[in-house]
Amino acid sequence: MPYRLLEEVPDLSAGDGGAGNMLIQGDNMEALKALLPFYSGRVKCIYIDPPYNTGAAFEHYDDNLENSIWLGTIWPRLELLRDLLAEDGSLWVNMALLHKSLEGFIS
């Protein structure tokens, strides 16, 4: 997937534009790649709440994948998140109810 630039939508903006805070809506892989040129190695804290592969019906992603396929979709995103982290940064993953196959996967 090629890199893309983020576009500001002034009608959806709020607060101090110079504060450096962003809310990004869209495909998470595209958003992460768009952030890399600006924030690689600079992010102090990342929190993610990944889909759990519970088998429930969700309209915006397939939630009934084989374990290896599900883990394969998470792995590239974790690699991009790692590239965004500062040397002293931390990645927090919501593990509540997270699929057992991910235990020990992140170290």
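The values are calculated or read from the model by the stated rules, or taken from the named source; none is laboratory data. Note that the structure is a prediction, hence the values are computed from the model and not measured. Glycine also receives a Cβ, built like all others from the backbone with ideal geometry; neighbour counts cover every protein chain displayed.
Would segment 3-23 turn up any residue that is modelled with pLDDT of 90 or more, of a type in the set (K, R) and surrounded by 11 or more Cβ atoms within 10 Å (Cβ to Cβ)?
Filtering segment 3-23 for residues modelled with pLDDT of 90 or more gives none.
Checking segment 3-23: not a single residue is modelled with pLDDT of 90 or more, of a type in the set (K, R) and surrounded by 11 or more Cβ atoms within 10 Å (Cβ to Cβ).
Among the residues of segment 27-62, the ones that are modelled with pLDDT of 75 or more and part of a loop (DSSP other than H, G, I, E, B) come to 6 in all. Quick one: in segment 64-107, which of the residues that are among the aromatic types (F, W, Y) and not in a helix (DSSP H, G or I) is modelled with the highest pLDDT? Per the stated criteria, the residue is W92.
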